[in-house]
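Notes follow once the structure below has been shown.
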Amino acid sequence: MTLFQRLVVMTMMVLFLALAGNLVSGVWSVKEHLNRQLNTNAEDAARSLAISMNTALREKDQGSLETLLNAMFDGGEYLSIRVFSVDGRLLIEKNAESTKNAVPLWFKSLISFTSITSEADVSDGWQQYGRIFVEPNSEKSYLKLWNITSTMIVWVTLLMMVTLVMILLFMRTLLKPLSDMEHQANSISNREFRTIPLPKARELRRVVMVMNGMAEKLGQLFSDQAEMTEQLREMSYRDSLTGLSNRRDFVAHFKSYLDPRQGCKSGALMLVGIRAFDKYNQEKGTSKADHLLVQISNQIKELRKEHPKVVVARLKGAEFGIFIPEITREHAFQVLQALFKKLSMLESISNQQEMLDRLHLGLGYFSDNNDQAVPTTGALISLADQALRRAQGRGRNCVLMLSMSEAKEADGVMGDQAWRGYLEQVMERRAVKLLYQPVKQFGVSSAQDYEVLARTDYKDSLVTASLFWPMVERYQWTEPFDRLIITKAMSLMASQPKDLRLTINVSPKSLVSVKFVEWLKKIAKENPDLSQRVVIEVSEYALHHDAEVMIQLSKELSECGMKLAIDHFGASSGTFSYLNRIKVDHLKVDRSYIRDIHLSKDNQFYIRSLVQIAHNLDIKVYAEGVETEDEYQVLKALGLDGAIGYLFGKPVGEPQ
């Protein structure tokens, strides 16, 4: 029972006892008054009759006696009147008939009147002629008392209700700061550091001031810690001028994509360079040279809108690197030409009066078609660099594309035009195959957590999502594919143990669709037991570009029992500012920070800071791509909650 409820009950009890006592006291006083009045009236009636009947009794006038008796008796105040002679003989008698009134029997039994029969002698001087007995009728007194009591009960009830309402309003106003502080405490636990208005009561005002101060300090502490960690990451992995990744960060992400176990089937590495930039810098000044670099970087950043997984960086001087995974040869060349056209239109590059040796782009493309192995990092960089040098050798403003393979089909499975028919068949046959990779929970041996991986069949082999999903997004079929994957996963959960929990990656393009979200909420409400064990995972890129949508989505999923998680955390350049506003179950650190982490003190420091911030917000932190025992031991020491990778198990057809 809440404090408000306790105070209300106590107040009602005290108020009831006070008013009930007052009611009982009032009724008792009225009863005593009516009782005295009843007996007094009987005495007065006996004396009055004795005086008026004196002559009639002396003369033995029976008619006069009856007239006098009827006049007194007809008022209904008396139960009986009897007149006796001196020798005790009954001369005349009048008795009231038994009547019923509205007074309940329980009231009569609870409150009884003490009626006394009054008597008087009829005499003239010392001569006595008879004796009169008058018995009062208490029925009218009962009726009067009942009416008075009923009226008092009505007024006491109304008074009690009005008083109670006033007390409730007063107490609600008085205790509102306590309710506000409760909501404030819940908000702090939910990572919302808000303040509340100061109450007028001095004692509560002091408490609220302390709570507001604590909320402000916690919010500032989180902001400062997040800002410091972000600044350290920016210093280690970002180019301060353009905001792009630096060479170190670019190579780390680049390597993670080319890892054979990552499943990347194709990709394009572009190098953008401007020769004689040093001379341009000396002649035009640092300010104008920096402005040109920022212009180039802004054009390169636009690629993220069409290719969320693109990795872009400023490698050195006026040389930029761009890696786009899972892209066809034809599409890669289109991107190369479009970027070249945009950069060529920049004033410093298009102006013939400038001393720049103009713009050159080189592209190295690979695909594992015909069972050719994915190239090493060095091999692909060498290929892109060779393409750039050849372009520079051809003169000003040139582009060149080189491929690791001479095959005409270089998109990983089939030509670009064949993808649509293939994916249509997959949807029609609902031929998406789900694999389940175990998630290792550190310190928990009985956890049954798996991540759902989507595959399709092609010529007796499985095609990974990293290969076919870019085509799904290109044809804008993410919603039907995501629905199919979620439906299949939840169907499997229905036949599995109740401790099984699945993490399902969903496309950001689906989650920003109102129609898809309504469908997701509908199946969650229809399957409450299953939805509580489903975690919807979305890439960090989506939170940076659709933050408000994702924040609202996290609240709606939480209401339906589902949880939201962030995948590839750290892969995008951004801040931690949204973490205290969004309800997420866990963060999954991008594999570029995990690879060889036992050899990188910077990555260890970043992840340790991230774990501290996340745990303060009740968010778990997982690692992806854990492949070695050394990585595992370091991650455990850094305080992570779990990890996924081949070290803990490969994807299987059904949870084990």
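Here is how the numbers come out for the structure above:
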| read-out | value |
| --- | --- |
| The chain: calculated mean residue ellipticity at 222 nm from DSSP helix runs of at least 4, using -39500 (n - 2.57) | -17000 deg cm²/dmol |
| Set 521/555; 309/583; 305/588; 620/650; 433/488; 301/601 screened for pairs whose C-alpha atoms are more than 18 Å apart | 309/583; 305/588; 620/650; 301/601 |
| Sum of side-chain charges, residue 89 neighbourhood, beta-carbon under 13 Å (Lys, Arg +1; Asp, Glu -1) | +1 |
| Accessible-area composition of region 1-145, carbon plus sulfur, in percent [1.4 Å probe] | 56 percent |
| With Cα atoms, 0 to 90° folded angle of helix 247-258 axis to the chain main axis | 90 degrees |
| FRET efficiency estimate (nearest 0.05) - Cβ-Cβ, residue 291 to residue 338, R0 22 angstrom | 0.45 |
| Local electrostatic count, residue 563, Cβ distance below 11 Å [Lys/Arg +1, Asp/Glu -1] | +2 |
| Helix 3-52 axis, angle to the chain major axis (alpha carbon atoms, nearest 10°) | 10 degrees |
| Between 0 and 90°, nearest 10: helix 478-494 axis offset from the chain longest Cα axis | 60 degrees |
| Mean projection area, nm², convex hull over Cα of the chain | 50.9 nm² |
| Global geometry of region 552-656, whether rounded, prolate or oblate, following the gyration tensor of its Cα atoms and the 1.5 cut on a/c | oblate |
| Residue 584 accessible area, assembled protein chains, probe 1.4 Å, Å² | 10 Å² |
| Cα gyration tensor, region 219-303 - rounded (a/c under 1.5), prolate or oblate | oblate |
| Computed FRET value (nearest 0.05) for residue 168 with residue 259, which takes r as the C-beta separation and R₀ as 56 Å | 0.25 |
| For residue 114, net neighbour charge (Lys/Arg +1, Asp/Glu -1) across residues whose Cβ lies under 12 Å away | +1 |
| Accessible area in square angstrom per residue, the chain, 1.4 angstrom probe | 50 Å² |
| Cβ crowding within 10 Å averaged over residues, with 497-510, 140-153, 17-30 ranked highest first | 497-510, 140-153, 17-30 |
| Rel. contact order, % - alpha carbon contacts under 8 angstrom, at least six apart, the chain | 9 percent |
| Inter-part distance where region 154-191 and region 614-628 are each reduced to a Cα centre, Å | 43 Å |
| Whether region 276-344 is rounded, prolate or oblate, judged on the alpha carbon gyration tensor where a/c under 1.5 counts as rounded | prolate |
| For residue 267, residues with placed amide H under 5 Å, excluding near neighbours | 326, 327, 366 |
| Accessible carbon and sulfur surface of region 606-654 relative to its total accessible area, %, 1.4 Å | 44 percent |
| FRET efficiency, residue 105 to residue 179 (Cβ-Cβ, R0 35 Å, nearest 0.05) | 0.10 |
| Relative contact order of region 463-548, defined on C-alpha pairs under 8 angstrom at six or more residues apart (%) | 32 percent |
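The values are calculated or read from the model by the stated rules, or taken from the named source; none is laboratory data. Here the structure is a predicted model, which is why all the values come from computation and not from measurement. Glycine gets a Cβ as well: all are built from the backbone with ideal geometry, and neighbour counts include every protein chain shown. The protein model used for the area step is the full one, side chains on, heavy atoms only, and it has no ligands, DNA or RNA in it. Shrake-Rupley method; radii C 1.70, N 1.55, O 1.52, S 1.80 Å.
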